[in-house]
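*Asks:* The structure that follows is given in the form of structure tokens.
The values are calculated or read from the model by the stated rules, or taken from the named source; none is laboratory data. For clarity, every value in this text was computed on a predicted model and none was experimentally measured. Here the Cβ is made from the backbone with ideal geometry for all residues, glycine too, and neighbour counts use every protein chain on show. All accessible areas refer to the heavy atoms of the entire protein, side chains included, with ligands and DNA or RNA removed. Shrake-Rupley method; radii C 1.70, N 1.55, O 1.52, S 1.80 Å.
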Protein chains: 4
Amino acid sequence: MRALTYHGPFDVRVDTIDDPTPFDSEAAVVAVRACGICGSDLHIYEGHGFSPDLGFCVGHEAVGEVVEVGASVSRFRVGDSVLVSASTGCNDCAPCRAGYVLGCERGRSGCYGLGSMLPGSQAEYVAVPAADGNLVAIPEGVSDDAALVLTDNAPTAWYGARRARIQPGDTVAVIGLGPVGIMAVLAAQVFGAGRVLAIDLVAERRAAAAALGAEPVEGDPRLVVRELTSGRGADVVIEAVGADATIDLAMKIAARGARVSVVGVNQSSAFPMHMQLAQFNELEFSIGLCSVQRELPALLALTRAGRIAPEVVVTHHLPLSGGDDAYRLFHSREGGVGKVVLDPSA
Amino acid sequence: MRALTYHGPFDVRVDTIDDPTPFDSEAAVVAVRACGICGSDLHIYEGHGFSPDLGFCVGHEAVGEVVEVGASVSRFRVGDSVLVSASTGCNDCAPCRAGYVLGCERGRSGCYGLGSMLPGSQAEYVAVPAADGNLVAIPEGVSDDAALVLTDNAPTAWYGARRARIQPGDTVAVIGLGPVGIMAVLAAQVFGAGRVLAIDLVAERRAAAAALGAEPVEGDPRLVVRELTSGRGADVVIEAVGADATIDLAMKIAARGARVSVVGVNQSSAFPMHMQLAQFNELEFSIGLCSVQRELPALLALTRAGRIAPEVVVTHHLPLSGGDDAYRLFHSREGGVGKVVLDPSA
Amino acid sequence: MRALTYHGPFDVRVDTIDDPTPFDSEAAVVAVRACGICGSDLHIYEGHGFSPDLGFCVGHEAVGEVVEVGASVSRFRVGDSVLVSASTGCNDCAPCRAGYVLGCERGRSGCYGLGSMLPGSQAEYVAVPAADGNLVAIPEGVSDDAALVLTDNAPTAWYGARRARIQPGDTVAVIGLGPVGIMAVLAAQVFGAGRVLAIDLVAERRAAAAALGAEPVEGDPRLVVRELTSGRGADVVIEAVGADATIDLAMKIAARGARVSVVGVNQSSAFPMHMQLAQFNELEFSIGLCSVQRELPALLALTRAGRIAPEVVVTHHLPLSGGDDAYRLFHSREGGVGKVVLDPSA
Amino acid sequence: MRALTYHGPFDVRVDTIDDPTPFDSEAAVVAVRACGICGSDLHIYEGHGFSPDLGFCVGHEAVGEVVEVGASVSRFRVGDSVLVSASTGCNDCAPCRAGYVLGCERGRSGCYGLGSMLPGSQAEYVAVPAADGNLVAIPEGVSDDAALVLTDNAPTAWYGARRARIQPGDTVAVIGLGPVGIMAVLAAQVFGAGRVLAIDLVAERRAAAAALGAEPVEGDPRLVVRELTSGRGADVVIEAVGADATIDLAMKIAARGARVSVVGVNQSSAFPMHMQLAQFNELEFSIGLCSVQRELPALLALTRAGRIAPEVVVTHHLPLSGGDDAYRLFHSREGGVGKVVLDPSA
């Protein structure tokens, strides 16, 4: 099959590799109809990935059709239309059964396309372990674009917003308005935010947030957020970048008693936290990675009810065969690029 | 001054009575710019009021301008534009200081226009006790219509929705789509409801809810709510009527584990609760009366941010001089009547 | 095997019946080491049971050793020491996987010994459906008496206390001091209750609660609870009887804003609720039945840590062969009887 | 009057200074019956104080009798027995009225004895601003020792435990077993902790915690906490030291999904946070300073009910005249020293 593979910094190629087969009787294979490029794929693309492997198939966002199921798979059949959860678990231990796959007690939590261990889904086919727990049926009325955003970006944003314990009427600042940040804007609104302040260096991304009802922060956020809040700061800050500078910014624009929730990926072992400020302002700080399965029930209900439209973040549909260009475009943050969706059939 | 006074069932008159004076040094007098008729005024109008008094001035919803303040009033001055909270407290005990005026430890919780004790505000002027705690400044950008709805209807709906502990994605049924019920539809949306099912006997009221994004329930709600929820029932039911039949209905359309929150006024000492059903379905049931002061901070933030528009419930502006007609109209529930606002200057 | 069977009001007999076999490949059989008589068994004993069946084996509390497992059982083996959860589910649908077996989406929620459908465990052996979900391993250091109380009484009390949302420092009244009520006293303490007021008609039961740190209410609870709380009432009331009179009492001794949580079984279709009082006092009322599996993780942690000692409610150990006498004793509420444990080997 | 004053690192003297007078009509003067030395007094003692001032009266923990009140003080009279809250507010703005004095909107939040601005209470008398909000009547049955601990140490511990959102059955680690840490052990128990792991370098302090039901951690906490929790780590960590090393330790012994709550004072502007670890473990981190007034209602209820005994942390009663020795003793952490209480009359 054709697949995107990683060969070093800024070197993603369209390769022909073997079709995947189910790992075991609990696994399934999905024919990918659409797959997405995620912000964390850019970590790999830039050479700061999560594994030293080379040549592996990348990507962890996919929707498609089940084409093969192991003998022990009971919830899915060939022909089912599914979204492939970016996070995977064993579907057997107590945390996994409750959807908290990152807490898997059998050490089987994982993610596609971060190395050779679990091949990615920017390909024509993807093998899914413990399929009963790691596939989700796409409900009627949910488009492939929406479902694709629900495999990772939307749950990540939702997880960040949920942990921030937004109170109705709160002023919520969102830092970073890529697909996750835009979904965080929508999540904050569902959680009852009064105002959402949208922060990004790219004007088109601020405009995209503004179109959804957020207030774009024009100028130095340290000053402007204070101005917009009568000096108080934001009641909640959701950080969707992961850089040291933006996490630091999140702390600085937070109001006394605020919750700062980080969903951007940060790999520092010594982030310089301004502890005195945090103590004076009584901040609550949380950071983590999303167990997609745990967040999806609420998100699916809201999507089906029309309360959120995850597909709004999709800006480009490109062929898998132009995968290299697609990575370059998404990496550039130019031209109003948001979510890039790849078509494996083209 | 001119004022509406109650003289018996279906007998509300425009009277000329003495202008009010401050009760004491903590009180103020407000010149009323607009006042509203509330559903609980209809209890009085129908002869099922809260006091045997006759001839008293009715009404407990008002916005206007401060024209006189006692010597101890420190937060308001003559000329301030204010909303008069329907619920009153002492502004001194711990519950009142936290806005929970119905829990007043000094026995001073009250409401205007329920009898002779605290004259009503369907009049040119109204005297306000403990003004520092019972007046609220109208923030810039909030219209008189919005502020008037914020004196009682909106906080009552919000209180009911808040107690119902809506989870994002929940299906919320609202029973009774008068001004409180319509505000409950909006409140449910702010709290993250996935779907809002709108129940009322009056087609125009269902249509008004539908225009705000709710799904009107056409036909027998016992059947239709089950149909609309794959047999499950509503995750949350907010009851905004207060009749035995509608409270019973609320219990019957609730899903297993649902919260049923009643804000309609019910005076029964032996409501026939289907306890076996409630136990099998693990229902949580709450009922109460709203302390406006406690609910307003979030509501004001949401109103200022444009997340809710309380004025949408206002359908009629009428002169105070036609108060009798106004009561008749609101009581009829006909002609699409929602909130009726009276103008004391006309 | 020998088993207790029900033959009509006040007629429970020691019978010899066929040994049970696993229902299917997901089932198991447990050799019962100890079984308990529950308050809800008394409903059956009095002739107000849940089924018109006669001759069925009664009882739903058991601990013992696994002696047979179906081919699909993966979590238990022959020889394992287990407690048999009183509530059963399918172990497959989402609610059951999260422990909420009463919400089973496959209609397989149940309980042993309420009729012929699922035979009871007051016997030498009991067959357990969906064993992976309905058995729980007894952790090291937990005695059989403690484990037996954890099959039903302790989780029921915990469920009631949890739903009551006790705030640290609250005054909690517990009505009914049988085994469930005593466990509710302990649960209230774990949830941070300041004071626990213990109400029961039987002096020995009040004394048992007092020995655990509760304050026994001597005299008319309507008066005494007010006296003990400076007129305020109890912040939380847990009702563990289920009679109309005691549920009514619960409402009457509740403070303004209190939570009333009922775990006693009430089968009324028209309980006379004093709605006006409930509204004036802003009560929150909940009633339900416990999904044991959902409550056990916290309870097991607390038991293992020595924070609660469920075995304190056990007052009598009797042979299964004297089952009739045991029922009579527990029904009498005399002689300081609390939990009665039966030994199937005697 | 006699008072302890600060003159430089390790130089606290018994001085004779002017008796205080009320600042204004809202202030009061309290004759101090007992005053305490707090861990944050040691910051000053070591020369790392919060102000460059010298010669000022130190201390912020006091109980005593009101001897003078301003004309506007309405809740207290001469002769009242009171505890002086360590944190002060304006008693007028909304946050202060809700007890959240550190959020004072008028910029009047403060603390005694940190500099010349608000003189301390390690003296015969102390002047109290906004007395209605900053004094608390000592309820009957609460000893001076208990009340003294309630002025700061107990509320600080409670605040830390409350923010940590302990779930019943959680394993809670407490780092630092001075008076605040010991109170955190008790608070964790009230919040339903299953196990409390007690960490301190001083064996006597570990023994004191063990006497209250905690498990002393003997050896390297990084290893031992993992051992004691089957590799999992603590569900909650409360840090009551404030050093970089102990905050780092708190992060390292936390389980996946844990809450880390810091109440020790840390003045770093660049604490090296291991962000990658925090993200992988999905930690929630909070740090802050306590508004005593907000925490006291629950603590007073629990103290009166006998659920907590704040006086257990008191180990030494010494005369104010030996203040220098008392500081030296408390600073040494030797000889089993916990809370040191000074008697201004001796």
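*Asks:* Take C:Q276 and D:H317, extend 7 Å from each Cα along the Cα→Cβ direction, and tell me the distance between the two endpoints in nm.
*Replies:* The modelled label-to-label distance comes out at 5.6 nm.
*Asks:* In deg cm²/dmol, rounded to 500, what helix-only [θ] at 222 nm does the protein assembly as shown give when every DSSP H run of at least 4 residues adds -39500 (n - 2.57) and the total is split over its residues? Kindly include the intermediate steps, with their values, before the conclusion.
*Replies:* Numbers: 48 runs with 399 residues, N = 1384.
Estimated from H runs of four or more residues: -8000 deg cm²/dmol.
*Asks:* Further question on the same structure: Here is the link list: A:K339/D:K252; B:K252/B:K339; A:K252/D:K252; B:K252/C:K339. Which ones come out longer than 32 Å on Cα distance?
*Replies:* Over 32 Å Cα-Cα: A:K339/D:K252; B:K252/C:K339.
*Asks:* Please give the average number of partner chain Cβ atoms lying within 10 Å of the Cβ of each residue in D:305-312, rounded to a whole number.
*Replies:* Values: counts 9, 3, 9, 3, 0, 0, 0, 0.
Mean inter-chain Cβ contacts per residue within 10 Å come to 3.
*Asks:* Let me ask something else about it. Please list D:R222, A:R256 from largest to smallest accessible area, probe radius 1.4 Å, with all protein chains kept in place.
*Replies:* Sorted descending by solvent-accessible area, the residues read D:R222, A:R256.
*Asks:* Could you state the angle between the C-alpha long axis of helix B:323-332 and the longest principal axis of the C-alpha atoms of chain B, as a value from 0 to 90 degrees rounded to the nearest 10?
*Replies:* The two axes meet at around 10 degrees.
*Asks:* Would you check the accessible area of C:R106, probe 1.4 Å, heavy atoms only, in square angstrom rounded to 10?
*Replies:* C:R106 exposes around 130 Å² with every protein chain in place.
*Asks:* Here is a further query. Whose amide H sits under 5 Å from the amide H of B:I308, counting only residues 5 or more places off or on another chain, with H placed in the peptide plane?
*Replies:* Correct list: B:T303.
*Asks:* Rounded, prolate or oblate for the protein assembly as shown? Axes are the square roots of the Cα gyration tensor eigenvalues, ordered a ≥ b ≥ c, and the cut-off for rounded is a/c under 1.5.
*Replies:* rounded
*Asks:* Between A:A34 and residues 5 or more places away or on another chain, which pairs have amide H atoms under 5 Å apart, with H built 1.01 Å from N, and which residues are they?
*Replies:* Amide H to amide H, under 5 Å and 5 or more residues apart or across chains, A:A34 pairs with A:V63.
*Asks:* Averaged over its residues, how many other protein chain Cβ atoms are within 10 Å of peptide C:19-30's Cβ atoms?
*Replies:* Across the residues of C:19-30, the mean count of other-chain Cβ atoms within 10 Å is 0.
*Asks:* Moving on. What ³J(HN,Hα) values, in whole Hz, does the Karplus curve 6.51 cos²θ - 1.76 cosθ + 1.60 give for segment A:35-44 when θ = phi - 60°, with x put for Gly and Pro?
*Replies:* 3J(HN,Hα) across segment A:35-44, in whole Hz: 9, x, 9, 9, x, 6, 4, 5, 4, 4.
*Asks:* Under a 5 Å amide H to amide H cut-off, with H placed in plane at 1.01 Å, what residues pair with C:A27 once short-range neighbours are removed?
*Replies:* C:G70, C:A130, C:A131
*Asks:* Taking only protein heavy atoms and a 1.4 Å probe, what accessible area per residue, in Å², does the protein assembly as shown have with all protein chains in place?
*Replies:* 35
*Asks:* Select the chain A residue whose beta carbon lies nearest to the rotation axis carrying chain A onto chain C, and write the distance in whole Å.
*Replies:* Residue and rounded Å distance to the axis: A:R97, 2.
*Asks:* Taking every DSSP beta bridge that has both residues in the protein assembly as shown, what percent is antiparallel when rounded to the nearest 5?
*Replies:* Details: 136 of 236 bridges.
Taking every DSSP beta bridge within the protein assembly as shown, about 60 percent pair in antiparallel fashion.
*Asks:* Between copies, how close do the C:R77 label points come, placed 7 Å along Cα→Cβ, listed in nm from shortest?
*Replies:* Computed spacing set for this position: 3.7, 7.7, 8.3 nm.
*Asks:* Just which residues of segment C:255-269 lose 10 Å² or more accessible area with every protein chain there, against their chain alone, with the probe set to 1.4 Å?
*Replies:* Listed by number, the residues meeting the 10 Å² cut-off are C:R256, C:N266, C:Q267, C:S268, C:S269.
*Asks:* Equivalent-ellipsoid semi-axes (√(5λ), Cα gyration tensor) for chain B, whole Å, largest first?
*Replies:* 34, 21, 19
*Asks:* May I ask what percent, to the nearest 5, of DSSP beta bridges between residues of chain C are antiparallel?
*Replies:* Expressed as a percentage, antiparallel bridges in chain C total about 55.
*Asks:* Once phi is turned into θ = phi - 60°, what whole-Hz ³J(HN,Hα) does the Karplus curve with 6.51, -1.76 and 1.60 give for every residue of segment D:114-121, x standing for Gly and Pro?
*Replies:* Residue by residue, segment D:114-121 yields 9, x, 6, 5, 10, x, x, 10 Hz.
*Asks:* I would also like to ask the following. What does the convex hull of the Cα atoms of segment C:154-287 come to per residue, in Å³, rounded to a whole number?
*Replies:* Details: hull volume 12.1 nm³, N = 134.
Taking the convex hull of the Cα positions in segment C:154-287, it is 90 Å³ per residue.
*Asks:* Sticking with this structure for a sec: Distances from A:P319 to the same position in the other copies: list them in nm, one decimal, shortest first, using label points 7 Å from Cα along Cα→Cβ.
*Replies:* 7.6, 8.6, 9.6
*Asks:* What FRET efficiency comes out for B:E46 versus B:E105 if R0 is 25 angstrom and r is the Cβ-Cβ distance? Round to the nearest 0.05.
*Replies:* 0.15
*Asks:* A further question follows. How many percent of the accessible area of chain A is carbon or sulfur, using a 1.4 Å probe?
*Replies:* Roughly 52 percent of what the probe reaches on chain A is carbon or sulfur.
*Asks:* Angle, helix A:292-304 long axis vs. longest principal axis of chain A, Cα atoms, 0 to 90°, nearest 10?
*Replies:* 80
*Asks:* If each label sits 7 angstrom from Cα along the C-beta direction, how far apart, in nm, is A:L223 from its counterparts in the other copies?
*Replies:* Spelled out, the distances from A:L223's label point are 5.5, 6.6, 7.3 nm.
*Asks:* Let me ask something else about it. May I ask you to work out the translational diffusion coefficient for segment B:9-67 at 20 °C, viscosity 1.002 mPa s, via Stokes-Einstein with Rh from the Kirkwood sum over Cα pairs, reported in whole µm²/s?
*Replies:* After rounding, the answer is 161 µm²/s.
*Asks:* Mind telling me which of A:V84, A:V73, A:V126 comes out most flexible in a GNM of chain A, alpha-carbon contacts under 10 Å?
*Replies:* A:V73
*Asks:* Moving on. Please compute the length gained on full extension between C:D325 and C:L212, using 0.36 nm multiplied by the number of residues separating them and subtracting their Cα-Cα distance.
*Replies:* Net length gain for the segment: 37.8 nm.
*Asks:* Right, something else. List, in order, the whole-Hz ³J(HN,Hα) value for each residue of segment A:9-25 obtained from phi through the Karplus relation with A = 6.51, B = -1.76, C = 1.60 and θ = phi - 60°; use x for Gly and Pro.
*Replies:* x, 6, 10, 10, 10, 7, 10, 10, 10, 5, 5, x, 10, x, 5, 6, 5
*Asks:* Need one number: buried accessible surface between chains D and A, 1.4 Å probe, both sides summed, DNA, RNA and ligands left out, in Å² to 100.
*Replies:* 2800
*Asks:* Right, next: Compare C:R205, B:R77 by solvent-accessible area with a 1.4 Å probe and give them largest first, with all protein chains kept in place.
*Replies:* Numbers: C:R205 20, B:R77 180 Å².
Order by accessible area, largest first: B:R77, C:R205.
*Asks:* Using a 10 angstrom cutoff on alpha carbons, build the Gaussian network for chain D and name the most mobile of D:A326, D:A161, D:A71.
*Replies:* Sorting by GNM fluctuation, first place goes to D:A71.
*Asks:* Need one value: the accessible area of B:K339 in square angstrom, 1.4 angstrom probe, rounded to the nearest 10.
*Replies:* 0
*Asks:* Just checking the output field for D:185-195: average partner chain Cβ neighbours within 10 Å of each residue's Cβ?
*Replies:* Across the residues of D:185-195, the mean count of other-chain Cβ atoms within 10 Å is 5.
*Asks:* Running a GNM on chain C with Cα contacts under 10 Å, which residue among C:L102, C:L302, C:L186 ends up with the highest mean-square fluctuation?
*Replies:* C:L302
*Asks:* Determine how large the accessible area of B:R307 is when every protein chain is in place; take a 1.4 Å probe and give Å² rounded to the nearest 10.
*Replies:* My reading of the accessible area for B:R307 is about 70 Å².
*Asks:* Tell me, what is the percent relative contact order of segment D:219-322, built from C-alpha pairs under 8 Å that lie six or more residues apart?
*Replies:* 21
*Asks:* In terms of solvent-accessible area of protein heavy atoms at a 1.4 angstrom probe, what is the ranking of C:E284, C:E218, highest value first?
*Replies:* Accessible-area ranking of C:E284, C:E218, largest first: C:E218, C:E284.
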